[in-house]
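For reference, the structure discussed in these notes is given below.
What follows is calculated from the coordinates using simple rules that are stated; it is not laboratory data. In this text, all values refer to a predicted model and were calculated from it rather than measured experimentally. Please note: Cβ atoms are built from the backbone with ideal geometry, for glycine as well, and neighbour counts cover all protein chains shown.
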Amino acid sequence: MVQALDRVLRGLLALLLGVLTVCVFLQVLVRFVFKYPLPWTEEVARLSFVYCVFVGATLAVRDNDHISVDVVLEALPRAVARGVRLAGRGLVAIFLVFMTWQGVAFVQATGVQMTPVLQIPFRHLYTIIPASGAVMLLYLVLGTADEWRKGGAS
C-alpha cells in the first residue's frame with residue numbers, strides 16, 4: 001500500500017510540475033506576444049507551486065531527504081546519537097500532528113470563500129495542508145519504526 005501511495009505522490013508531483021511549467025510559459029508567451037495577460041494561468045501556477053511544495057515535502061519525509069546538519073550527531077556515541085535522532089523525530093511528529101489538526105480547522109474556517117478567477121472554494125484547495133501532514137506523519141512513523149528495527153543510523 002505504501003508503494004502505491006509513493007507512486008501516486010510521485011506522479012502527482014510530476015503532473016503538478018508540468019502544469020506549473022505550462023502555465024508560466026503560457027503566461028509569458030501570451031503577455032509578451034499578444035500583450036494580454038491570461039488571469040487563470042497565474043492562479044493555476046500559484047496553486048500548482050503550493051501543491052508541489054506540500055507533495056515534495058511529503059516525499060522528502062518518505063525518503064528522509066530533508067536538510068540536516070549531522071556534525072554533532074557524528075561526534076556523539078552511537079547510542080546517544082540514536083536517542084537524539086529519535087527525539088528529533090518525536091518533535092517533528094508533534095509538529096505534524098499540530099499541522100494536521102490546525103489544517104483541518106483551517107479548511108473548516110475557510111467556509112465559502114472562492115478563488116478570485118477560477119471560483120474554486122478555498123476549502124478544497126487547502127485540504128493539501130492536513131492531507132500532507134497526515135501522510136508525512138505516516139511516513140515519519142514508518143521510517144522511525146524501520147530505523148528502530150535496523151538498530152540505527154538513518
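Using 7 Å Cα-to-Cβ label points, what is the Val71/Trp101 separation (nm, one decimal)?
3.6
Say R0 is 22 Å: what FRET efficiency, to the nearest 0.05, do Glu42 and Thr21 get from their beta-carbon distance? It would help to have the intermediate numbers written out before the result.
Values: r = 14 Å, r/R0 = 0.64.
The value I calculate is 0.95.
Taking every alpha carbon pair in the chain, what does the distance histogram look like in 5 angstrom bins from 0, in percent?
2, 8, 13, 16, 16, 13, 11, 8, 6, 4, 2, 1, 0
Go ahead and set up a Gaussian network model of the chain, Cα springs under 10 Å, then flag whichever of Met136, Met99, Met114 fluctuates most.
Among Met136, Met99, Met114, the largest GNM mean-square fluctuation belongs to Met114.
Given a Förster distance of 22 Å, report the FRET efficiency between Val84 and Ala145 from their Cβ-Cβ distance, rounded to the nearest 0.05.
0.80
What is the sum of charges around Leu5, taking Lys and Arg as +1, Asp and Glu as -1, for the other residues whose C-beta is under 14 Å from the C-beta of Leu5? Numbers along the way, then the final one.
Numbers: positive: Arg7, Arg10, Arg62; negative: Asp6, Asp63.
For residues surrounding Leu5, the net value is +1.
Using the per-residue mean of other Cβ atoms lying within 10 Å as a proxy for protection, in what order, highest first, do the peptides 66-72, 33-39, 17-23 fall?
Highest mean packing first, the order is 17-23, 33-39, 66-72.
Using a Gaussian network model of the chain with C-alpha springs under 10 Å, which one of Ala87, Ala60, Ala131 is most mobile by mean-square fluctuation?
Ala87
Under a point spin-label approximation (7 Å from Cα along Cα-to-Cβ), what is the Leu12-Met114 distance to one decimal in nm?
About 2.6 nm separates the two model spin labels.
From the helices alone, meaning DSSP H stretches of at least four residues, give me the mean residue ellipticity at 222 nm for the chain, per-run term -39500 (n - 2.57), in deg cm²/dmol to the nearest 500. Display every interim value, and only then the final one.
On the way: 6 runs with 121 residues, N = 154.
Mean residue ellipticity, 222 nm, calculated: -27000 deg cm²/dmol.
Considering the Cα positions of the range 1-83, please state its Rg to one decimal place and its Dmax as a whole number of Å.
Reported Rg and Dmax, both Å: 19.7, 64.
Can you tally the net charge around Leu96? Count Lys and Arg as +1, Asp and Glu as -1, for every other residue whose Cβ sits under 15 Å from the Cβ of Leu96. Could you put the intermediate results ahead of the total?
Numbers: positive: Arg62, Arg89; negative: none.
It works out to a net charge of +2.
If I take every Cα pair under 8 Å that is 6 or more residues apart in the range 2-150, average their sequence separation and divide by the length, what percent do I get for the relative contact order?
On the way: 126 pairs, mean separation 35.5, N = 149.
Here the relative contact order equals 24 percent.
Determine the principal axes of the Cα atoms in the range 98-148, then give the extent along each, sorted from largest to smallest and rounded to whole angstroms.
48, 19, 9
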